[in-house]
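The values are calculated or read from the model by the stated rules, or taken from the named source; none is laboratory data. Keep in mind it's a predicted model, so treat the numbers as computed, not measured. So basically every Cβ, Gly included, is an ideal-geometry build from the backbone, and we count neighbours across all protein chains shown.
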Amino acid sequence: MNRLHNGDFLLTWEHDDATVRAVLDTAAALEELARGGVSCKVFETGLGVSIFRDNSTRTRYAFRSGCNLLGLMTEELDESSSQIAHGETVRETAAMLGFLTEVVGIRDDMFLGEGDKYQREVAAALDESHKEGVLMQRPAVINLQSDLDHPTQSMADLAHLVEVFGGIENLKGKKLAMSWAHSPSYGKPLSVPQGVITLMTRFGMDVVLAYPPGYDLVGDTLETASRFAKASGGSFAVTDSMAAAFENADVVYPKSWAPAAVMRERTRILHSGEKDKLKELEREALASNARHTDWECTEAMMRGTKGGAARYMHCLPADVTDVSCAAGEVSKAVFEKARVDTYREAGHKPFIVAALILLTRFADPTEVVRRLAKDAKPRRAG
Amino acid sequence: MNRLHNGDFLLTWEHDDATVRAVLDTAAALEELARGGVSCKVFETGLGVSIFRDNSTRTRYAFRSGCNLLGLMTEELDESSSQIAHGETVRETAAMLGFLTEVVGIRDDMFLGEGDKYQREVAAALDESHKEGVLMQRPAVINLQSDLDHPTQSMADLAHLVEVFGGIENLKGKKLAMSWAHSPSYGKPLSVPQGVITLMTRFGMDVVLAYPPGYDLVGDTLETASRFAKASGGSFAVTDSMAAAFENADVVYPKSWAPAAVMRERTRILHSGEKDKLKELEREALASNARHTDWECTEAMMRGTKGGAARYMHCLPADVTDVSCAAGEVSKAVFEKARVDTYREAGHKPFIVAALILLTRFADPTEVVRRLAKDAKPRRAG
Amino acid sequence: MNRLHNGDFLLTWEHDDATVRAVLDTAAALEELARGGVSCKVFETGLGVSIFRDNSTRTRYAFRSGCNLLGLMTEELDESSSQIAHGETVRETAAMLGFLTEVVGIRDDMFLGEGDKYQREVAAALDESHKEGVLMQRPAVINLQSDLDHPTQSMADLAHLVEVFGGIENLKGKKLAMSWAHSPSYGKPLSVPQGVITLMTRFGMDVVLAYPPGYDLVGDTLETASRFAKASGGSFAVTDSMAAAFENADVVYPKSWAPAAVMRERTRILHSGEKDKLKELEREALASNARHTDWECTEAMMRGTKGGAARYMHCLPADVTDVSCAAGEVSKAVFEKARVDTYREAGHKPFIVAALILLTRFADPTEVVRRLAKDAKPRRAG
């Protein structure tokens, strides 16, 4: 049974293991078809609409590629040139965007306490308009990064791990270090670490979350990670030492984020419009970061991992010391060795997006994929 | 006979009743097919180009959705990033955009005396390039709102009325109040009220136009409305009282607009570049609006309508008192009751756009629709 | 044999004559099919990505139209709203954009010494990601204007000449004057004159390049033009007199550009961020231009050409005296007579783009075109 049919995908932890596995399996099947030159077009016409309330390259193109793979034309809602600037409500916008739309992808990750809420408001508005017969179908809402989770990223990460270790069952007992890392910028969202600890704990991994005192994530996600670890036979621990987290790790994911408290204060200030306070907050946050330049994924740090050869992961772009900044999340040497592998990691995202569309839009996506494979229609002439 | 074939659609009053009915019938047929999951793709490839010289959400997405429904890829001409900024002429731009384009949709509604003129310049330029063999086909120009008319809106409104009253013949004798309403912003285009009074008078409705002294529309449109009312057996009257217009009305359409004289002066100032004068004009216009806050569609006002239960219409977004502003066009209570219905009203627009494309691009659109229905190709797999 | 298969197209002079002829033949075949209403869709799904680092109307739409003609959905990388602003490297961006992409079109023409280099960096990055298995296919890179060449323009120009003179063999012995012309703006790229002199010399034309002292092009391109002229039995000469160049010319191409030295200095200043120096450079460059207002393609100047009736060419937009400026490249009378013909010239560009895509993406494009013609699937219903 496909539990995602006619549903949304906002947080991985709202969906059972079977659903997450179905996403991975469908993505893998689509990737195999695509690599074999087989057309995966399942829509003659139809729209995928994206709303980006923060910058994006990878996820934007993953969304567009995933839509295109299935035959959907993409549109991006540009809030600046739309009448949304004129005081339109979410309900109204959702109805207008939804008329012939299959999927609405939303990134809203900069305001802690608001991004996920906004995505649910859009979903509720689409529900209403569909129930009232305004919309002929209820488009799926897919989270392209909120304040809480970044599911297309974390599931692409999971797909990468499955590939690396040769099967999801092989993740059992592998140690993953999700670690804060130093960055010369502040205000990075929390959704990636939150997404990683809540997802990887579900498949028996030993997940360690490391961060300097004060760099807390949203509390619920730690509880969720603990609960999942318990159920899966894995473990979840928190430490304030990058080195401790890296010790004997099979996989390391060193990535900067802003403390939840800073993100909450930032949201408050942005609403109140106190410009001076924003500058002050930034100054303080950067000063705080600067006290932790030793949280860098260096070759020395990597030597503590299993066989000194842990898999390095990153959602990109990484702050690479001596490449994109003077002192960042990762040393040039470590990053350069893993660079192409991080592209491979990212390469799963378009197929995760496509899988989410298939699963939310079709009652029997397995049958849809089977038929695509059977028909084996070439994606291009010649 | 399809009189729109190879033509444009700029003003409803340039087209005979049979043509308007054909637009409505085609839109309804396409909507029925789409709701039934039948593919309406009639183009293998081809472009729909839009030029938005003012903000837009609803109409932009209606255009894109309508194009996508038929198989056209959409492109939006962004005048800021194009070389139009380098002094390109309309003729040149039209030729360049037209190469493989089926339809050009244009919004140009902010400059009274210019929007419609610009659309005709584009049309003439396309004519020239086609006649000279530069363009392999002559794209249709569709008005997505000009200074004079907003035909995709008014025809969506008409389609809504036809649905509400169960047939176009049932509009005869129904009273519609097109009324100015208070807004805390100024500079709203005239095309909606002008479009409504000139279209609804053609089908036997009793149309009353209400506005405070000074808030005149472009004169010709009132004459056109009178002429149509006479021919259709309906009526057209003008009053300076919202209450009088609402009395016993079946339908009310309370919507703000700027006086034609203000819009003309605004156009003049924008050309001359006198920034101070623009501020002054805005101040005066807002002060003038503020003298008419009683032009609000309240529950009390609605009690005067037929059975106290007139249908409320709006092109959206509405200025809703206590929702999007302190004192607007409509009270929260009235709007909330009608809200979903205004979405339904808007929901006809993508199909009106698609119908206009079918009618302008195909000699026998009825046959095209018949074949789509007969083939009944599903829009999506599975 | 198709030497472009799995390759890029950055500079015409990197490709042999047979390849250039194949581009022209394929473009002509596609145009004939399109004008006959035959679908040229060869991709079921797939993306064409464009990166415009300078304004564009014509080339942007040519790229989009060419992609659409073949069935590709287009995406434009907007560097301002992407995380490229966050310090992303070219290699990373290329990998992310490349996942399901067939072609990447790039305009980067404002920085002398950098545009071509950037295109090669993107190409190298795509190579790496493809070789490593990250990308399932290696997208072609197509130059949509660099600091060195503007091949879709020059080949559209060539296609136009072939049409005008009734065959590529008829270009032999025809005289073409590629002349600098006065403009009231500065900083125009060099790629058009460089592209024209290096391409037209390959087919036996007598090409004369004319410019006032100091307005040099990048030196290598003159050597390339000389070499090609020698090989093709044509000629290549340089003069500092527009009148001399026009004498007895069959074709004139009067077009402004900035001196290579100015463009180099401009690039240096833009990197160093010396705003005052940029103003000073602009002032000097405009003063220099102003000393050459006599370099205008007037009716008097045209009288010196063959029979007083040389073919006027321009890549558009032209600076037309008394139309788009007070003193420009061409007089109103000369331009108006040739205007529609310049649209025709531009009209080849979408098909050149489509031909480049076919040739880079298919091993046997001739067979692909033959099959399209044989199937003769209509591009639209009815």
Point to revise | Tally, over region B:50-67, of residues that are facing chain A (nearest Cβ under 8 Å), assigned to a helix (DSSP H, G or I) and under 23 Å from residue B:95 (Cα atoms) | key: 2
Review point. Are any residues in region C:334-382 closer than 16 Å to residue A:380 by Cβ, within 12 Å of chain B (Cβ to nearest Cβ) and crowded, with 24+ Cβ neighbours inside 10 Å, and if so, which ones?
Key: C:354
**Study point:** Condition met for residue A:110 (in contact with a Ser or Thr (Cβ under 9 Å, 6 or more places away or on another chain), touching a residue at least 12 places away in the same chain (Cβ under 8 Å) and away from chain B (no Cβ under 14 Å))
**Key:** yes
Check your understanding: Could you give every pair whose Cβ atoms fall below 8 Å, whose first residue belongs to region A:311-330 and is charged (D, E, K, R), and whose second residue is surrounded by fewer than 19 Cβ atoms within 10 Å (Cβ to Cβ), counting only separations of at least 6 or pairs across chains?
Key -> A:311/A:164; A:311/A:341; A:319/A:184; A:319/A:185; A:319/A:325; A:319/C:87; A:322/A:332
Exercise for review: State all residues of region A:22-53 that are over 23 Å from the mean Cα position of the chain (by Cα) and at negative phi; if no residue qualifies, say none.
Suggested key: A:33, A:35, A:36, A:38, A:39, A:40, A:41, A:42, A:43, A:44, A:45
Check your understanding: Would a scan of region B:14-33 turn up a residue that is at pLDDT 95 or above and under 17 Å from residue B:137 (Cβ atoms)?
Key -> no
Study note, to complete from the structure: The number of residues in region B:314-332 that are of a type in the set (Ser, Thr, Tyr) and modelled with pLDDT of 95 or more is 2
Exercise for review: Any chance you could count how many residues in region B:249-275 are more than 23 Å from the chain's Cα centre (by Cα) and either surrounded by 15 or more Cβ atoms within 10 Å (Cβ to Cβ) or assigned to a helix (DSSP H, G or I) (or both)?
Suggested key: 7
Exercise for review: Would you confirm whether any residue within region C:347-355 is part of a loop (DSSP other than H, G, I, E, B) and touching a residue at least 60 places away in the same chain (Cβ under 8 Å)?
Suggested key: yes
Check your understanding: Do we find that residue A:194 is touching a residue at least 40 places away in the same chain (Cβ under 8 Å), in a strand (DSSP E or B) and surrounded by 18 or more Cβ atoms within 10 Å (Cβ to Cβ) in this structure?
Key -> no
Check your understanding: Looking at region B:123-154, which of the residues that are farther than 18 Å from residue B:355 by Cβ and in contact (Cβ under 8 Å) with a residue 60 or more places away in the chain is farthest from the chain's Cα centre (by Cα)?
Key -> B:138
Practice item. Would you mention how many residues in region C:216-233 are in a helix (DSSP H, G or I), of a type outside the set (Lys, Arg) and surrounded by 13 or more Cβ atoms within 10 Å (Cβ to Cβ)? Key: 8
Revision key, fill the gap. When residue A:213 is run through (1) of a type outside the set (Lys, Arg); (2) modelled with pLDDT of 95 or more; (3) outside any strand (DSSP E or B); (4) within 20 Å of the chain's Cα centre (by Cα), the failure sits at (4)
Practice item. Report, ordered by the first and then the second residue, all pairs with beta carbons closer than 6 Å, sequence separation of six or more or different chains, a first member in region A:254-269 that is within 13 Å of residue A:147 (Cβ to Cβ), and a second member that is among the hydroxyl-bearing types (Ser, Thr, Tyr). Key: A:258/A:186
Review point. For region A:29-42, does any single residue satisfy the condition of being touching a Leu at 6+ places or on another chain (Cβ under 9 Å), farther than 27 Å from residue A:198 by Cβ and within 9 Å of chain B (Cβ to nearest Cβ)?
Key: yes
Practice item. Can you work out which of the residues in region C:276-313 that are of a type in the set (Asp, Glu) and farther than 15 Å from residue C:330 by Cβ is surrounded by the most Cβ atoms within 10 Å (Cβ to Cβ)? Key: C:282
Check your understanding: Could we say that residue B:321 is among the polar types (S, T, N, Q) and away from chain A (no Cβ under 14 Å) here?
Key -> no
Point to revise | Candidates A:318, A:338, A:287 - the one that is in a helix (DSSP H, G or I), small (Gly, Ala, Ser) and either under 26 Å from the mean Cα position of the chain (by Cα) or assigned by TED's automatic domain parsing to the domain that holds residue A:66 (or both) | key: A:338
Exercise for review: Take the residues in region C:88-118 that are assigned to a loop (DSSP other than H, G, I, E, B) and over 25 Å from residue A:77 (Cα atoms), then tell me which one is modelled with the lowest pLDDT.
Suggested key: C:89
Review point. Which ones in region C:129-153 are closer than 30 Å to residue B:96 by Cβ and in a loop (DSSP other than H, G, I, E, B)?
Key: C:139, C:147, C:148, C:149, C:150
Check your understanding: Just one of the numbered conditions (1) at pLDDT below 95; (2) under 30 Å from residue C:337 (Cβ atoms) is not true of residue C:266; which one?
Key -> (2)
